[in-house]
Amino acid sequence: MSTSGLRVLIIGGYGAFGSRLARLLAGDPRFHLLVGGRSAEKAETFAAGLEGGAKGVVFDRDGDVRAQLALLRPAVVADLSGPFQDMGEDRYRVARAAIALGIDYIDVSDSRDFVSGIDALDDEAKARGVFVLSGLSSFPALSFAAAEKLAIEFAEVHKVSSGIAPSPRAAIGLNVIRAIASYAGKPVKVTRGGIPAESTGLAGGPGMVIAPPGCVPLRWRRFLLADTPDLSLLPQRFRHLQEAFTGAGAEPRWLQSLLMFAARLVRYRLLPSLAPFAPLIHAASRSLASGEARGGMFVRLEGLGHDRQALAATWHLVAEGDDGPFIPAMGAAGLLRALTDGKRPGSGARAAIAELPLGAFEDGFRPLAIRTGIRRQRAGDRRLSLYQRVLGDEAWGMLPPAVAAMHALNDGELRVCGQARVERGSGLLAGLVAAIIGFPRAADDIPVSVTFKAEHGRETWTRNFDGRRFRSRQSEASGRHAHLLAEDFGPVRVFIALVPEGERLRLLIRGWRIFGLPLPLFLAPDGNTFEEQRDGRFHFHVEIGGRLTGLIVRYTGWLEPDQPAMPSSSTSSASRN
């Protein structure tokens, strides 16, 4: 084990977030890690398994903190234990002991009172020449970094909303549940109409689809009000702020609904608190987990752009698999790495909302399955093509030229022609579906044309396979299917994610309905469908099938413009007038 490098004590080092900070820093010779916790056995076992080695040590925050720190002699204390909402009267005892010994201190608290009150230690910290930074977590450090990135585009910010959507498969720690239970159903101070107001912890908030451009969106989630430091700090940052919201959107939905109901019992004093039920909620969240192994986060600003027009911009994040729980430790890891590079924060005690730019967080995301991006809503967005609106600016810019050109029409008509090969499924049900929709018959090499007609933000596609026509209508989905493409084939509507992958645009089914009735996704028509640029020409590969039908149809081929795009008659008339 290396004994050189920056000596960092991670309190809660084998816990949910401390273990992830240790993993993020393990193997880096710039650090000498001390994995601290109450159990010597657990600390030593976890430390022994880290790349590059670390040392497991006993640290009890309820003991003589100053004596323990003096014995361990860290250069930086990183407190990742929690819950910070329940630290008692002497909640800053670790930070005060660190200051007294001249040790720098950071934590990942998302407790509103804890983070907002840390500046009470400012004079002490400055006198000792150390920094004390609280809140290096998703809230408020990452949320503020994203808000600052978005704020550059605004002259006035009127509303800020943000939320975390944890993966239902993530092993959420008991301390996180305890933190949530501490304010469930209790009064929460918010900003409403530009003035202080009051709401209720875990009260229902907005619904949201988290969808970084070019990424398969998360499923729609309802966000419940969370009492985070942002609610105190945002009004200090944005002087035109009218409303602020921070929330959490849990899966499965029945568990969230149950939490909401229990919070109402607390609100109406039918229960004193949910805190005693935290272990039960924690056990249920683990044993009854269901849904996609994906999580996410969003930060949304609304207000006026520099042109004084209405503007909304949202930063989206999606984390796949087990990578999401690393995010609360990313701020601490980023700051410690910057410290070893000679970028030392100024002395004093404060909320950690201006210590790391968004780029520093996103640099840490790159080795993991975490995607981020920004979507904007502006006056005049209807002038953009349908696919450009669904994809967003960033993902639209990823498309190869031939694919982008096929979807650039925002009004009028375009006809393209080419050659195709068609395969049909052999099943009886597959043949029946194909006949109803009008899919072409099997053929090896036939002429094909597609006429696109764009008007009022929608597109009608008329496909002609050697004289056999079928039609569909495409539009931008909204509500629970926001950021998806909706395509109608008669009574069937499918919701499609548009995902650029290199030279391809992949189309993935994310939901479907028949006669407006939602149906299970596992029964949806599906298949390997994509568009690509090959040798400078647009090529398509469309495959439609299902569990019940097998293959229905597969058609592949190429297309190129037969005539330039023609504006619609209404547009032509308007231009003549």
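At a glance:
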read-out	value
In sequence order, calculated HN-Hα J values of segment 200-215 (Karplus, 6.51, -1.76, 1.60; Hz; x Gly/Pro)	10, x, 6, 5, x, x, x, x, 7, 10, 8, 8, x, x, x, 10
Those lysines that a straight Cα-Cα span of less than 29 Å connects to LYS186, excepting residues fewer than 8 apart in one chain	LYS159
Potential extension, GLU560-ALA293 segment - 0.36 nm per residue separation minus Cα distance	92.1 nm
Hydrodynamic radius by Kirkwood, which averages 1/r over all alpha carbon pairs of segment 6-134, in angstrom	14.6 Å
Cα centroid separation - segment 373-428 against segment 28-97, whole Å	53 Å
Rough spin-label spacing in nm, given labels placed 7 Å along Cα→Cβ, for ILE514 and SER273	5.3 nm
Largest-first ellipsoid semi-axes for segment 277-329, taking √(5λ) over the Cα gyration tensor eigenvalues, angstrom	35, 14, 10
The chain - mean residue ellipticity at 222 nm from DSSP helices (-39,500 (n - 2.57) per run, n ≥ 4, rounded to 500)	-7500 deg cm²/dmol
Positive-end extreme of charge dipole, the chain - chosen from HIS32, PRO518, PHE238 (charges on Cβ)	PRO518
Relative contact order (percent, whole number), the chain, Cα cutoff 8 Å, 6+ residue spacing	12 percent
Cα→Cβ-extended label distance, 7 Å offset, between ALA283 and LEU428, nm	5.2 nm
Residues listed by number, segment 74-97, amide nitrogen under 14 Å from ALA127 label point at 7 Å toward C-beta	96-97
Cut-off 9 Å between beta-carbons: net charge of the residues surrounding GLY207, Lys and Arg +1, Asp and Glu -1	+3
Unit charges at the beta carbon, dipole of segment 6-134: most positive-side option, GLY56, ILE11, ALA95	GLY56
Inter-centroid distance (Cα atoms) of segment 174-227 relative to segment 452-474, Å	42 Å
Packing-based order for 353-363, 451-461, using average beta carbon neighbours within 10 Å, highest first	353-363, 451-461
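No lab work stands behind these numbers, since they all come straight from the coordinates. Because the structure is a prediction, the values reported are computed rather than measured. Neighbour counts are summed over all protein chains in view; Cβ atoms, including those assigned to glycine, are modelled from backbone coordinates with ideal geometry.
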